[in-house]
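Engineer: Right, I'll just put the structure down here and ask away after.
The values are calculated or read from the model by the stated rules, or taken from the named source; none is laboratory data. Because the structure is a prediction, the values reported are computed rather than measured. Positions of Cβ are backbone-derived with ideal geometry, glycine not excepted, and every protein chain shown enters the neighbour counts.
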Amino acid sequence: MRGWQRGAARTWVGAAALVGASGLAATVAWACADSSCSPVWRLDAPDYACEGRAMLSPGNDTRINLLLLMRSLAPVSDAGASYAKPDWDDGQLGHVFFSWKGLRETLWPQAPEPETAASEPASECAAPKAAQDAFAAALLADKAVAESDRTLLMTLRTKAGCADADMAIKTTSAAGRGYLDYLLGADAFYKGEYPTALVGFASASRSASPWLQETGNYMVIRVALRQAVAKAIDQYGDFAGLDKIDKTAAQAAGEAIDRYLKAYPQGRYAASAQGLKRRVLWLTGQDAALAQSYEAMLRATPGNSAAAADLAEEIDNALLQRADGVQAVVGGDKTPLLMAVADLKAMRLLDPAKPMPLDAQTLAAQAPAFAGHDDLYGLLDATRAYYAGEAPRSILTRLPDAARSASYTPLAFSRQVLRGMALAKAHDANEAGFWQELMGGAKGLWQGPLAQLGLALRWQRDGRIDQALASASPIKDTTLRQLMLQTMAAPATLRANAADATRPDEERNVARFTLLYKGLTRGAYADFTRDLALVPADPKADLTAWYGAGLATPPAQRFTRGQWSDVLPCPPLEQTAATLARDPANQTARLCLGEFYRLNGFDGFALYTPFEKVEQLGRGKDQFRGPMLSRDAIYAAIIADKSAAADLRAYALYRAVMCYAPSGANGCAGPTPDYAAYQAQQVPKAQRKAWYDELKARYPTSRWAKSLRYYW
């Protein structure tokens, strides 16, 4: 989320999104119109979701499912690992969900790359530095190269591939000529002159230098692959499709790979060549062979290595994003691991009104392929049944209770979470106990918070939010607690959490802010004045803006130190609230309350609000009474009172018109759940003109009449 929501979005798209979407900055969810990912706080994911779960699921990014499966084949431990610091996009996911990027950065954090020294600028056209270094090392080690040639060739290496490279040079030694042939090949390679590149590298491979012999043979592979895809890259650099591939060149690349690996089975480029064999299979449409190659790699690649993540990305890009690739996976019987991931993707309910895309008969026909993978097939069978809407008790029979295990692989954890989801559908009395038992062994990253979400959802259905938010509650995840604090917590619960020194400061601040915000906007003015005592002084609280990275929560100090007076001479907010507690209809105090909203960015602001019509955390009953009071309602009430003091009524007319400046949309109303509610907030232009005309006619000498020039 990009900062706290203010009243800046005045189009329908922005206004509707204020409540329809949820965002999260640091560890707190707030309504936000510009979130790149708005997670739905529930366990099930019937369609693709931007929030990944620590369980094999139809809604997961396919790469996530692939990696979870690899980490299940040979169990790995997350001991000692810590969650990566979330970036702009992932901050809203907390520790309950994750993105593919967040998963990679958590499991395999990367040190920042050192900056290139200013005295050594990197050339944009030349070969990568690693390639230049390898060439330089080989050249320096080759004593047969004349010193004059060495100096010339070292200089030329940094320019090969650049438009201004002068390759028309001569060497004085035969050994030097071999390196020049290599550079001529490299120059042509980077310029896309592939026939010339082949001549250069082939010539280099016949030199006396072992490095040139091997590297020249390897580069023949690279040239052939470049030739194969040359016509498949469009003017924007995007891949235009496999039908554009030069199959002859691709086959030549495969033959060159075989020659290289036969000559150099343990060569310096052997691993790369093996990887390029998969590329040739992809380019030549040999999907069945490619799938079998990937299946073997899934079994052999340790799930705790970064290579596993690289493999997941490659499989997704090369195979599982294509219909032909998926068909090769599910059409055979030799790739059960890939088949499982393809099946999960096939279970996505793109249209909830239609039957499950993967029917029971199709899955049952695959069962022989899963011999030896009973738990995996059992999960697939139960998952299909769950999302197809079958009886939850039948799902429970497929997934035996193992909630008391000491730890879980991702596959084992997936089976238990799905069992818990079935218990929830069955309204089983033992569901809450199941989640609490599961937490004991849910030690992997993201496992514990996901199990806590299951318990939170159950207690939400039971109306036990006070128990969920108690100090001794097993629901410890800060994100989950903050969602409940913003949506369903009673005033007494918020006060207790605000005063609980055992909870993180950000969570306590959410309790304070929610208590004060709801109390003030719902008219609980006496409670509000008393609750202000819960706000710490904290002179460092940032009150300059609601937007911007770095603010973990909206500062509760805004109610004690925010701006309350501008063009109207208003007292501090505490005094305004005290006046309204005695006299809720006091028009001066109501206008001053509106000034506080206006000056502190509360127009359009909303606490976290769940998506409509989706069962998820936060969709319980709000325990604060009364409707929210917005600025436009304050002005409308004073305008309707013809006996109101002239200066107050003139200001209300002025502000009512200004609510529509400059977009013509109401900027003083609260956030809305849908388009109909948004439309209901608007008044027609004729009404704004009537306000404008009345201000000009009835209060012509007021500063408000003199300053107002339009009615939008």
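Engineer: Please give the helices (runs of 4 or more DSSP H) falling wholly within region 450-535 in which 3 or more residues are within 22 Å of residue 611 (Cα to Cα) and in contact with a Leu (Cβ under 7 Å, 6 or more places away or on another chain).
Structural biologist: Details: elements: 465-468, 478-487, 491-498, 505-521, 525-531.
Where helices (runs of 4 or more DSSP H) fall fully within region 450-535 and carry at least 3 residues being within 22 Å of residue 611 (Cα to Cα) and in contact with a Leu (Cβ under 7 Å, 6 or more places away or on another chain), they are 478-487, 505-521.
Engineer: Ok, one more. Determine if region 351-361 includes at least one residue that is modelled with pLDDT of 95 or more and in a helix (DSSP H, G or I).
Structural biologist: Yes; the residues of region 351-361 include at least one that is modelled with pLDDT of 95 or more and in a helix (DSSP H, G or I).
Engineer: Mind listing just one residue for me: the one in region 403-434 that is part of a loop (DSSP other than H, G, I, E, B) and in contact with a helix residue (DSSP H, G or I) (Cβ under 6 Å, 6 or more places away or on another chain) and, of those, farthest from residue 388 (Cα to Cα)?
Structural biologist: If we filter region 403-434 for residues that are part of a loop (DSSP other than H, G, I, E, B), which is where we start, we get 403-409, 426-430.
Subsequent filtering for residues that are in contact with a helix residue (DSSP H, G or I) (Cβ under 6 Å, 6 or more places away or on another chain) retains 403-409, 426.
Details: 403: 25, 404: 28, 405: 29, 406: 31, 407: 29, 408: 26, 409: 26, 426: 15 Å.
Once the filter is applied, the top-ranked residue is 406.
Engineer: Which condition does residue 553 not pass, out of (1) hydroxyl-bearing (Ser, Thr, Tyr); (2) assigned to a helix (DSSP H, G or I); (3) touching a helix residue (DSSP H, G or I) at 6+ places or on another chain (Cβ under 6 Å), if it passes all the others?
Structural biologist: (2)
Engineer: How many residues does region 605-645 hold that are in contact (Cβ under 8 Å) with a residue 40 or more places away in the chain and either part of a loop (DSSP other than H, G, I, E, B) or out of contact with any helix residue (DSSP H, G or I) (no Cβ under 8 Å at 6 or more places or on another chain) (or both)? Give the steps one after another, and end with the answer.
Structural biologist: If we filter region 605-645 for residues that are in contact (Cβ under 8 Å) with a residue 40 or more places away in the chain, which is where we start, we get 605-612, 614-630, 632, 634-635, 637-639, 641, 644-645.
Those left that are additionally either part of a loop (DSSP other than H, G, I, E, B) or out of contact with any helix residue (DSSP H, G or I) (no Cβ under 8 Å at 6 or more places or on another chain) (or both): 605-606, 608-612, 614-630, 641, 644-645.
The total comes to 27.
Engineer: A further question follows. Considering only residues that are among the charged types (D, E, K, R), at pLDDT 95 or above and more than 45 Å from the chain's Cα centre (by Cα), look in region 642-660 and name the one that is surrounded by the most Cβ atoms within 10 Å (Cβ to Cβ).
Structural biologist: Filtering region 642-660 for residues among the charged types (D, E, K, R) gives 642, 647, 649, 655.
Pick out the ones that are also at pLDDT 95 or above and you get 647, 649, 655.
Right, trim to more than 45 Å from the chain's Cα centre (by Cα) and you get 647, 649.
Values: 647: 15, 649: 24.
Only one residue tops the list, namely 649.
Engineer: Working only within region 494-529, note down all residues that are surrounded by fewer than 22 Cβ atoms within 10 Å (Cβ to Cβ) and among the β-branched types (Val, Ile, Thr).
Structural biologist: 502, 521, 529
Engineer: Continuing with this model, one more query. For residue 323, state whether it is among the aliphatic types (A, V, I, L, M) and surrounded by fewer than 18 Cβ atoms within 10 Å (Cβ to Cβ). Before the answer, list the steps.
Structural biologist: Working: among the aliphatic types (A, V, I, L, M): yes; surrounded by fewer than 18 Cβ atoms within 10 Å (Cβ to Cβ): yes.
Considered against the rule, which asks whether it is among the aliphatic types (A, V, I, L, M) and surrounded by fewer than 18 Cβ atoms within 10 Å (Cβ to Cβ), residue 323 comes out as yes.
Engineer: OK, next. Out of 253, 308, which single residue is closer than 24 Å to residue 221 by Cβ and surrounded by 20 or more Cβ atoms within 10 Å (Cβ to Cβ)?
Structural biologist: 253
Engineer: Tell me whether region 394-405 contains one or more residues that are touching a residue at least 60 places away in the same chain (Cβ under 8 Å) and hydroxyl-bearing (Ser, Thr, Tyr).
Structural biologist: Restricting attention to region 394-405, the residues satisfying the condition of being touching a residue at least 60 places away in the same chain (Cβ under 8 Å) are none.
Looking for residues that are touching a residue at least 60 places away in the same chain (Cβ under 8 Å) and hydroxyl-bearing (Ser, Thr, Tyr), one finds none in region 394-405, hence no.
Engineer: For the structure I just gave you, tell me whether residue 618 is at positive phi and buried (at least 16 other Cβ atoms within 10 Å of the Cβ).
Structural biologist: So residue 618 fits the description; yes.
Engineer: Which ones in region 63-85 are surrounded by fewer than 22 Cβ atoms within 10 Å (Cβ to Cβ) and not small (Gly, Ala, Ser)?
Structural biologist: Across region 63-85, the qualifying residues are 71, 73, 75, 76, 78, 83, 85.
Engineer: Run residue 268 past the list (1) among the basic types (Lys, Arg); (2) in a helix (DSSP H, G or I); (3) within 30 Å of residue 145 (Cβ to Cβ) and report the number of the one that doesn't hold.
Structural biologist: (2)
Engineer: Within the set of pairs 6+ apart or on separate chains, which have a first residue in region 584-604 that is without any contact (Cβ under 8 Å) to a residue 24 or more places away in the chain and closer than 18 Å to residue 649 by Cα, a second that is among the aliphatic types (A, V, I, L, M) and in a helix (DSSP H, G or I), and C-beta atoms under 9 Å apart?
Structural biologist: Here the result reads 585/637; 586/580; 589/577; 589/578; 589/580, each pair linking region 584-604 to a residue that is among the aliphatic types (A, V, I, L, M) and in a helix (DSSP H, G or I).
Engineer: Still on this model: Would it be correct to say that residue 663 is without any contact (Cβ under 8 Å) to a residue 24 or more places away in the chain, under 27 Å from residue 699 (Cβ atoms) and surrounded by fewer than 17 Cβ atoms within 10 Å (Cβ to Cβ)?
Structural biologist: Details: without any contact (Cβ under 8 Å) to a residue 24 or more places away in the chain: no; under 27 Å from residue 699 (Cβ atoms): yes; surrounded by fewer than 17 Cβ atoms within 10 Å (Cβ to Cβ): yes.
No, not satisfied.
Engineer: So residue 50 ticks every box in (1) of a type outside the set (Phe, Trp, Tyr); (2) closer than 25 Å to residue 406 by Cβ; (3) not in a helix (DSSP H, G or I) but one. Which box is left unticked?
Structural biologist: It fails just one condition, (2).
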